[in-house]
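Note sheet for the following structure.
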Amino acid sequence: GLTRGLLAEGARRVLAIEKDSRCIPALTEISDAYPGRLSIIEGDALDVNPLELLTPPIRVAANLPYNVGTELLIRWLSPSSWPPFWQTLTLMFQREVAERIVAQPGSKAYGRLALLAQWRADARIVMHLPPEAFSPPPKVSSAVVHLTALEKPRYEADAKTLERVVAMAFNQRRKMMRSALKGLMPDLEDHLIAADIKPTDRAETIDLERFCALARLVKAQ
């Protein structure tokens, strides 16, 4: 499996977080085969702070439960300071979620997740897996996404302000920006134009650079 593969490829130290107690004996067996290199925590990854257990730079590789994968990714992309504790993330998601992470403007998958990921990281899909790759096979296809943390965000913007602007824009993604962002700030249309956004544009057509420009104008109010 993944843990044995990481150790076999030469990882100096691996921290395995496993919630399913049925998997612990197998991990213990791997630990015995690689003395001093594998630490095992039986618990929920949502409750674990890797910085308490490892020293950066840290590379995260995980086959995440699909019901918490997006929540964990957003948490890892949204620390109070940047760069984060991790250097790279290599994570498996449902194919639909993976496509949302790497989506570009103009696509149906483009939205808040793509903007958050691509603001602070390089993201790409490195592998597609059909249901038959698993036993038992799930009802959905899967994909592995590799993210590399940038030294600093791609464009200057306040994180909370950017998230607020993007959330408002995509909560009503089919509306024009002048309607979707109504109430965001005084003289909204003038500020949209200053950010090179047409008031009649829709959120799904606006790239990261222009969202960051608008966030800076909002923050300056």
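The numbers here are math on the coordinates, done by the rules we state, and not lab data. The structure presented is a predicted model; accordingly, all values stated were derived computationally and were not measured. Note that we place each Cβ from the backbone using ideal geometry, even for glycine, and neighbour counts take in every protein chain shown.
Viscosity 0.692 mPa s, temperature 37 °C: what is the translational diffusion coefficient of the stretch 54-137 from Stokes-Einstein with a Kirkwood Rh over Cα pairs, rounded to a whole number of µm²/s?
237 µm²/s
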Helix-only [θ] at 222 nm, the chain, -39500 (n - 2.57) per DSSP H run of 4+, per residue, nearest 500, equals -10000 deg cm²/dmol
Net charge of neighbours whose Cβ lies under 12 Å from the Cβ of residue 19, counting Lys and Arg as +1 and Asp and Glu as -1: -4
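Express the C-alpha Rg of the stretch 95-221 as a ratio against the empirical globular expectation 2.2 N^0.38 Å, rounded to two decimals.
Compared with the compact-globule rule of thumb, the stretch 95-221 sits at 1.20.
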Under-5 Å amide H pairs with residue 38, H placed in peptide plane, nonlocal only: 14
Kirkwood hydrodynamic radius (Cα pairs, Å) of the stretch 84-131? 11.5 Å
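Over the stretch 67-110, what portion of Cα pair distances is larger than 16 Å, expressed as a whole percent?
Roughly 46 percent, once rounded to a whole number.
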Can you work out the Karplus-derived ³J(HN,Hα) for every residue in the stretch 47-52? Use 6.51 cos²θ - 1.76 cosθ + 1.60 with θ = phi - 60°, whole Hz, and x for glycine or proline. 9, 9, 9, x, 5, 7
